[in-house]
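I have placed the structure first, in the form of C-alpha cells, so that the comments after it can refer back to it.
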Amino acid sequence: MADGSGSRSDSGRGGSTAPELGVRGTGPGHITMGGLTAGGGALLVFVSEHCPTSALALRRLGPLCRAWAQAGLTAVAIFEDPLDVAIRTARRLGWSGQVATDDPPYPASRAYRVATVPTSVLVGRDGVLAGTVAGWDQPALAALLGEAGQMLGAGLAVPPATEPLRKPGCSAKAAIDPDLVAAMSGPGGGDEPEEMFERGWTDGLPVIPPTAERVEAMLDGRDGGESLGLVPPAMGEATLARVAACAVLAGCRPAYFPVVAAAARAVLDPAFNLHGQAVTTQPAGQLVVVNGPVREAIGLNSGMGALGPGFRANLTIGRAVRLLVALTGGAMPGAMDRATLGHMGKLGFCVAEDEEGSPWEPLHVERGFDAGQSVVTVIGSDAPLSISDHRSRTPDDLAYVLAWAAASAWSTNWWPLAEPSVFVICPEHAQMFRDAGWTKQRLRQFMFEAVRKPAGLLRRGETTPVVHAAAPGALVPKWASPEAIVLLVAGGEAGRYSAVLGPCTGMGSQIVSREVT
Amino acid sequence: MAADYVSPFDERVRAVEPLAPRPVSVPGRHAVLLDIRKNRGAEFLDRMETLFQAAGVNTARVTKEIFSKPAALGLIDEIASGAGLVVEALAD
C-alpha cells in the first residue's frame, strides 16, 4: 500500500497556475484558492484518514499552522474522507489549520495529480505552484517552508528534525483504479459495520447501524425532535432521535429505550456535572443503577455476574449512555475525553439492584421514590474492586473488611472522601447482615466509623487539606459522612464477593435519579 | 445510503472563533487572573501577579465556582468587559 517515496518535486514551478480546488470545508460554500492565498500563500496537505504517514504529517505540521497563518500562510488539510471523519481525525492529531474534504471521485486530488498521501503543495499569493513534497520528507518540507518564508518575507517554523525524517506515503484514492475507488468510497467498501467505524459512530466495538427504521422503532412513537438538553463537552444537542440512534448503535431492544432515555435525562442534569466527568483525566465512568419493576420487564440481570458480561439489557443500556456522551457529547478518548487510563466500565456500566434478595430498602426508595416506581440512578464511578470475605462470622467483622477495602479508593492517603463510594453487597454477605438484624443505616454508620487513621500516617504524597490541618494523632475518617457510602445488593447466590466502586472526585458531582416513564 | 441513517452526532457546523490578537507589550494593560480552584493554581497566579505588577500591569483576581465546570456566564462577561488580558491558571 505504501508507495510514495517522500520526495520533493519542483515540477510546479515555472509559472504553472494552481488548479482551482473546489473542496468542502467546515464553512458554507467551497474553499477557493483565492481565499486560501489571500494572506500571502497556501500550503495544501492532501491526506487520508487511513494512512499512517498522513497521520504523521498532520501531527508534525499541525501545531505549526497557527503561527504560519499569522505570517500569511494558510494551511489546509484536504482529506479523501467524509468531512465528519476529516474533522475528527484532524482534531485527534492536533491539526490546527483548516480542514477540507475532496469528495469522490476526488477532483482536487486528480487536478493536482496527487498519487500519494500525504502530498504537500505550496501555492503563492498569485496562485502559482511553488513546489510539492510527496510522502513525509522533513528536509524537503523544511526547504519548502523556507521558500514560503521568503515569499512572505517572514521566517516560518519548520517541523522538528526528529525520526522518522522520511517515510513513504500511501496510495491516494484518486490514483487507484476507479472501480476500486468506488468500492473504497462506498459504505465501508460495501461492509456496513465497517462504514460505522469509518463514520466514527462507535466506541471501538462494532455497532448496529442506526437506520431510520431502527431509530423509528426505538422511538416507538415518541417525538424524535424533543430535546433533552446539550451533551457536554461538545454541547451536541441530545434530541430524542439522537439518543435513540445511540441506543440502536449500542444494540438495545426498543423495550430498553425508556431506561436509556431516563438515564440520559439523569446524566444531563447539571447537578451530575457530566461536563467535568467527560473530560477529566480521572478514570471515572457513569454508573447506571436501575431499580423497580422495569428490571424484570426487560430482563436486567441483578444476579450472577451482575457487574459482568452476559446480559444484553445491562450491557447495551450502559453502552447507549456512554455512546451518547462519547458521540453526541464529543467525549471520545484521545479527543475531549482526556482520561489517563479510563476503565472498562466506560464502555457501559449498568447494574440492576437485587431488591428481592436485599434485606434493606432499595436505592430508589432511599432516594424518595416509591418501591413500585422504576427509577434510574446515575453515579460517577471508578472501576469495581472485588472484596473477598469467606471467613467473617460476625456482621462486625464483615462490615470492617468491606469498609477497609475502600481505604485506598481514589488514592491511598486521600481522606476523607466527600463523593460516594458504591458498595455492591453480594447476597451471602447481605444475608449475614439480615440474620443479625442490621439495618442499612447501621451498616453505613459502622463502616463510616470503622475506617479512620491518624492524620500523621496520611501525610505522604497526595492527601487532603483536612489531613494537613489535623493534629498528627487526630483520627481522620475515610469518608466525610456516612452518606458518602452507597449500598446496593446484587450478585449470585453463591460466593462471598462484594465490590466497591471508588468515586469520581473533585467534580462536585451529585447522584441523580430519574423515573423511567 | 447516508440518508438512511440517523446520526448520533450533532452535525451543525460551528464557526471557529479566531484567537484574539496577542498583545505586543503589557505595561499599562489590565489583566484578570482567573483562579479555576485547582490545586496550587493560586500559587501560579501569585507569581504572575507579582511579575505583572512589576511590569506595570494592573491586575485583578477572579475565581470560578469549581474547576470542573465551565465558568458562569456572569463571570465570563465580567472578564470580557473589564480585561485586556486574561491569565487562567491550570493546576496540579
_Nitroxide proxy distance, nm - points 7 Å out along Cα→Cβ at A:ALA67 and B:ASP4_ = 4.9
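Based on the mean of other beta carbon atoms within 10 Å per residue, what is the order of A:221-234, A:139-152, most packed first? Before the final figure, lay out each step's value.
Working: A:221-234: 16.3, A:139-152: 19.1.
Going by the mean number of other Cβ atoms within 10 Å, highest first, we get A:139-152, A:221-234.
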*Sites A:ARG222 and A:SER392, calculated FRET efficiency, Cβ-Cβ separation with R0 35 Å, nearest 0.05*: 0.10
*Karplus couplings for the range A:227-237 from phi (6.51 cos²θ - 1.76 cosθ + 1.60, θ = phi - 60°), rounded to Hz, Gly and Pro as x?*
9, 8, x, 9, 9, x, x, 7, 6, x, 7
*How about the protein assembly as shown: what cysteines have no other cysteine beta carbon under 4.7 Å from their own?*
A:CYS65, A:CYS246, A:CYS252, A:CYS350, A:CYS426, A:CYS504
*In degrees, nearest ten, helix B:73-82 long axis to first principal axis of chain B (Cα)*: 50
*Please list the non-local residues whose amide H lies under 5 Å from the amide H of B:ALA89, H modeled 1.01 Å from N, same-chain partners needing a gap of 5 or more.*
B:LEU34, B:ILE36
*As a check on your grasp of the helix formula, calculate [θ] at 222 nm for chain A: sum -39500 (n - 2.57) over DSSP H runs of n ≥ 4, divide by the residue count, round to the nearest 500.*
-9000 deg cm²/dmol
*What FRET efficiency would be calculated for the residue pair A:GLN510, A:ARG459, taking the C-beta separation as r and a Förster radius of 41 Å, to the nearest 0.05?*
0.85
*Taking R0 as 51 Å, what's the FRET efficiency between A:THR439 and B:VAL62 from their Cβ-Cβ distance, rounded to 0.05?*
0.60
*Kindly write out, for the range A:418-425 in residue order, the coupling ³J(HN,Hα) from the Karplus curve 6.51 cos²θ - 1.76 cosθ + 1.60 (θ = phi - 60°), rounded to whole Hz, with x marking Gly and Pro.*
8, 8, x, 9, 9, 9, 9, 8
*Would you kindly state how much longer the chain becomes between A:SER481 and A:LEU205 on full extension, computed as 0.36 nm times their sequence separation minus their alpha carbon distance, in nm to one decimal?*
95.4 nm
*Please list the non-local residues whose amide H lies under 5 Å from the amide H of A:VAL231, H modeled 1.01 Å from N, same-chain partners needing a gap of 5 or more.*
A:GLY236, A:GLU237, A:ALA238
*Quick one: length gained pulling A:HIS468 to A:LEU341 fully straight, 0.36 nm per residue minus the C-alpha distance?*
42.9 nm
*If the range A:343-408 were replaced by its equivalent ellipsoid, with semi-axes equal to the square roots of 5 times the Cα gyration tensor eigenvalues, what would those be, largest first, whole Å?*
25, 20, 10
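Stokes-Einstein D for chain A at 4 °C, 1.567 mPa s, Kirkwood Rh over Cα pairs, in µm²/s? Numbers along the way, then the final one.
Working: Rh = 25.9 Å.
For these conditions, the coefficient is 50 µm²/s.
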*By counting other Cβ atoms within 10 Å of each Cβ, how are A:GLU515, A:GLU419, B:GLU17 ranked from fewest to most?*
B:GLU17, A:GLU515, A:GLU419
*Let me know the mean shielding of B:62-69 by other chains, meaning the per-residue number of their Cβ atoms within 10 Å of its Cβ.*
4
*What number, rounded to the nearest 500 deg cm²/dmol, is the helix-based mean residue ellipticity at 222 nm of chain B, given -39500 (n - 2.57) per DSSP H run of at least four residues and division by all its residues?*
-8000 deg cm²/dmol
*Assign one of three labels to the range A:368-517, namely rounded, prolate or oblate, based on the Cα gyration tensor with a ≥ b ≥ c the square roots of its eigenvalues; rounded applies when a/c is under 1.5, prolate when it is not and a/b is larger than b/c, and oblate otherwise.*
oblate
_Least to most buried among A:TRP95, A:TRP404, A:TRP438 (fewest other Cβ within 10 Å first)_ = A:TRP404, A:TRP438, A:TRP95
*Using modelled backbone amide H atoms (1.01 Å from N, in-plane), which distant-in-sequence or interchain residues come within less than 5 Å of B:THR63's amide H?*
B:ASP35
_Backbone HN-Hα couplings from phi across the range A:50-67 [Karplus 6.51/-1.76/1.60, Hz, Gly and Pro as x]_ = 7, 9, x, 5, 4, 4, 4, 5, 5, 5, 7, 8, x, x, 8, 4, 5, 5
*Highest-first arrangement of A:41-51, A:491-501, where packing means the average Cβ count within 10 Å*: A:41-51, A:491-501
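No value in this document is a laboratory result; all are computed from the given coordinates. The shown structure was predicted, so the numbers you read here are calculated from the model rather than taken from an experiment. Note that each Cβ is placed from the backbone with ideal geometry, even for glycine, and that neighbours are counted across all protein chains shown.
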